[in-house]
Every structure is written in C-alpha cells, then in structure tokens.
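All remarks here apply to the structure that follows.
What follows draws every value from the coordinates through simple rules; no lab data is involved. Model, not experiment: these values are computed from the prediction. Reconstructed Cβ throughout: ideal geometry from the backbone, glycine too, with neighbour counts over all protein chains shown.
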Amino acid sequence: MEKIDLAIIGGGINGLLVAYEYSKKYPDHLVAIFEKEKYLGEHQSSRNSGVLHAGIYYPKDSLKRRLCIEGNRLWRTLAKELDAEINPCGKYVVACNDQECSELDQYYKKAKENQVYGIRWAEKSEIEKLLSYVHVKKAFFSPTTAILDVSAALKGLERVLYNKDIPILFQDEVVEINKEKDGFILKTTHEEIFTSKLVNAGGLLAVSNRKKLGLNDLEDEWVKGSYLKINRNYYTDHLIYPVPEKNLKGLGVHTSFDLQHQVRFGPNTENVEVIDYSLSEKIIEDIVPSVIKTFKGLERKDFALDYSGIRSKIKYKNQIFSDFWIKGPTCEMSHGVLNYIELCGIDSPGLTSAPAIAKYVLEMIAEM
C-alpha cells in the first residue's frame, strides 16, 4: 500500500490552495488530491459570482470576517502568480428609500467596525451617475471588492501543482476512511492508500466525508442560487448591491459581471437536498421583480437563464452554523480525531477567503 504524508479530499479552490501552501512549507512531503469529478472546481468554486468580497457583512469575531479580509489582500499577489486576472472594480451598496437608508447606516457602521479597508460614503456626483441605473437615495463604496477570473486561477493552481509533482486524482472518490493509530487508510474508487494526515476540503460533500469517520453532529443545509444574464449592455463600472433583505440566505439580488462585461443578476435562494444545477423559466419570474425594484431601464424581455450554484451551509446540533467550520483535533468544538482537519460550510465568502483559509489550515497542521 502506498504511503503519503498528506491526503486532501476535494479539488476545489480550497483543497488546491491547501496543497499549494503545504508544498511550500514541506517541499519533500508526498501529497495527493482526490477529486470525485472529472474537472477541478466543478461545484462551488466555479459556480459563484467570482466576486472577491471586502468583509462588510460578517460578525467581527468570525472566521468569515478575518479570513475574508486577509484573503482579499492575498489574492492580489496570488492571482499574479497564477496568471489569473482581477478586475478591481469595487462596489456600491445602495439604499432606495428611507428605511433602507437606516439599514445602510448599520452596514456602514459594521464595515467600519470590521476595519474594511477604504469604505466611504458615495459623493453627490456618484449618486447622480448611479441614478441613471439604480433607484438610489444613499450609497457607500467598497474599493477592495473585485472580480477574479476563477477559471484561470484553477488552471494556474493545476499547473503549479503539476510542476511540484503533486498528483490530482480525478474521478477518484474517497468511499471509505479508516482511522489507524498513526494515520488513515483511504479506500477510493481506484485504490487504497495510507496517509499520515488528512484534510477534508470536500465542499458540498464535506459533511458526508466526515460521517465516514463516525462524525455525525453536522448536517447539510444546501442553498441553491441561480443567475440571470441580460442580452444588452449595462453598467459595469462597479458592482451594485442592494441593502440585503432581512432573513435572506445571501446578500440579495445584485449585479455581477465577468471580465468580458457580461452582466448578470442574482442569485435567488432555494433550499435543496440534491445536487442539481438545472434551471427553469420560473427562476426568471422569481428574480426579475427584485431586479426591477432596484435597477432601472430593464424589462422582462431583457433577461435569460444563465447558471446556478449551491452553497454548502451546515447545521450543528440542528441549528444553522453561520461561520466557516474549520476544525482540527484540539480546537473549540473539536471533533477529536488526531491528524484530521475538516473544512465544512465554506460558503460565501469562501472564494475570497481561500488563500487565508489555506494558511490557517497550515497553522493547524504545524500544531498536530
């Protein structure tokens, strides 16, 4: 049986970056990545808006706030290493009426408390320009919000890991995990392998993976979000986000656009129990009213279905766990499994946070 130093379950952005950081610190160790799908980042990593968030919305003492702000900064250097373009467009968060203005004040206060870099109120001239596209009464601007070419980042990581002789084993699902005294035996679709350390970065299947170790105190709470595209030119100088509606599972319907300036609106939110990215015309009827409430100059005929994704939210002891769940054998609420680290519930801002998550995981590995 082949023996390696570290096995990583999951070939999404987080699993790849853990391998990348590990290889820099332990260049002589044997590492392998097990990916169930045919391609990298097939689920959450490639089915999101591609936005690098600034850290506005998250509780001050949360991992999401800390790792989002750090990850946003780290991507600026990392993207260059990976030949992945970043559009540093920034974003406006806008309020349309007096009630939303009051809520916007609270988000601005939270952003300041979170030490989000560069947050400022929009000036009168900016509001006047936005009024051509948005029903806006007040807004603030986040200069560090940006858009990443995620596909290029994934390809860059694949290239770098290949050059480091780190195998990515595609269509090789881990079907059984057996804890041994000094490591783990993984039974996969194609082989058995012994690993001294194990990182579960399985994304949507991370909770299922941990159950193979007898850990049953987390449950999935998947949330599907779909996007619409428009078949005309629209505002792409900056991203525009509304004030999030209360009790939403996300940030509300907002603009996003790719590096070719294809404008999208979304996502909506829908609880699901199976991984299914199909789209129906009903999604247009769900999303368009929210768009027209905030944005100007758009009609029903301008919209078409684009794509969908699923967020890996989780429940801990039957309660929604709103932060990232990144646990080793000795931390608070630890699973107690030696030489094992798990990344569960890595929903938004998981892409933004990924470089910082990888460094955080490496700190935990160093302590094992």
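Spelling out what I want: for every residue of region 189-198, take phi, set θ = phi - 60°, compute 6.51 cos²θ - 1.76 cosθ + 1.60 (Karplus), and round to whole Hz; glycine and proline get x.
Residue by residue, region 189-198 yields 4, 10, 6, 10, 9, 9, 10, 6, 10, 9 Hz.
Quick one: helix 13-25 against the long Cα principal axis of the chain, what's the angle to the nearest 10°, folded into 0 to 90?
Taking Cα atoms only, the helix is inclined about 50 degrees.
Over the Cα atoms, compute the radius of gyration (one decimal) and Dmax (the largest Cα-Cα distance, rounded to a whole number) for region 169-316, in Å.
20.4, 64
In nm, what is the difference between 0.36 nm times the number of residues separating residue 273 and residue 332 and their Cα-Cα distance?
Residue separation times 0.36 nm, minus the Cα-Cα distance, leaves 18.4 nm.
Helix 98-113 against the longest principal axis of the chain: what's the angle in degrees, Cα atoms only, rounded to the nearest 10?
With rounding to tens, the tilt is 40 degrees.
Each residue of region 316-322 in order: what ³J(HN,Hα) in whole Hz does its phi give by Karplus 6.51 cos²θ - 1.76 cosθ + 1.60, θ = phi - 60°, with x for Gly and Pro?
3J(HN,Hα) across region 316-322, in whole Hz: 10, 6, 6, 10, 4, 9, 8.
According to the square roots a ≥ b ≥ c of the eigenvalues of the Cα gyration tensor, what is the shape class of region 53-92, taking rounded for a/c under 1.5, prolate for a/b larger than b/c otherwise, and oblate for the remainder?
Taking the square roots of the gyration eigenvalues as a ≥ b ≥ c, region 53-92 is oblate.
So for region 239-368, what are the equivalent ellipsoid semi-axes in whole Å, largest first, each being the square root of 5 times an eigenvalue of the Cα gyration tensor?
36, 16, 13
Tell me, what ³J(HN,Hα) does each residue in region 69-82 have, in order and in whole Hz, if you take phi through Karplus 6.51 cos²θ - 1.76 cosθ + 1.60 with θ = phi - 60° and put x for Gly and Pro?
5, 5, x, 4, 5, 5, 4, 4, 7, 4, 4, 5, 4, 9
Take every DSSP beta bridge with both residues inside the chain and express the antiparallel ones as a percent of the total, to the nearest 5.
So the antiparallel bridges in the chain amount to around 70 percent.
Which distance in nm do the two modelled labels at residue 109 and residue 285 give, with both placed 7 Å along the Cα-to-Cβ direction?
Simple spin-label model gives 4.1 nm for this pair.
Exposure proxy check: 332, 81, 342, 270 ranked by fewest other beta carbons within 10 Å?
Lowest count first: 332, 81, 270, 342.
Run the reach check for residue 129 against aspartates and glutamates, Cα to Cα strictly under 19 Å, same-chain hits fewer than 8 apart removed. What comes back?
Partners found: 237.
Is the C-alpha gyration tensor of region 56-138 telling us rounded, prolate or oblate? Criteria: a/c under 1.5 is rounded; beyond that, a/b larger than b/c is prolate, otherwise oblate.
It is oblate, given that a/c is not under 1.5 and a/b is not larger than b/c.
Using the beta-carbon distance between residue 37 and residue 61 and R0 = 30 Å, what value does 1/(1 + (r/R0)^6) give for FRET efficiency, to the nearest 0.05?
Given R0 = 30 Å and the Cβ-Cβ separation, E is 0.30.
If each residue's Cβ is checked for other Cβ atoms within 10 Å, how do 119, 292 rank with the fewest at the top?
Least to most surrounded, the residues fall as 292, 119.
So what is Rg over Rh here for the chain, counting just Cα atoms and using Kirkwood for Rh?
Rounded to two decimals, Rg over Rh is 0.98.
For helix 282-294, what angle does its Cα long axis make with the longest principal axis of the chain, in degrees from 0 to 90 and rounded to 10?
50 degrees
I want to verify the translational diffusion coefficient of region 1-100 in µm²/s; compute it with Stokes-Einstein, Rh as the Kirkwood radius over Cα pairs, at 37 °C and 0.692 mPa s.
199 µm²/s
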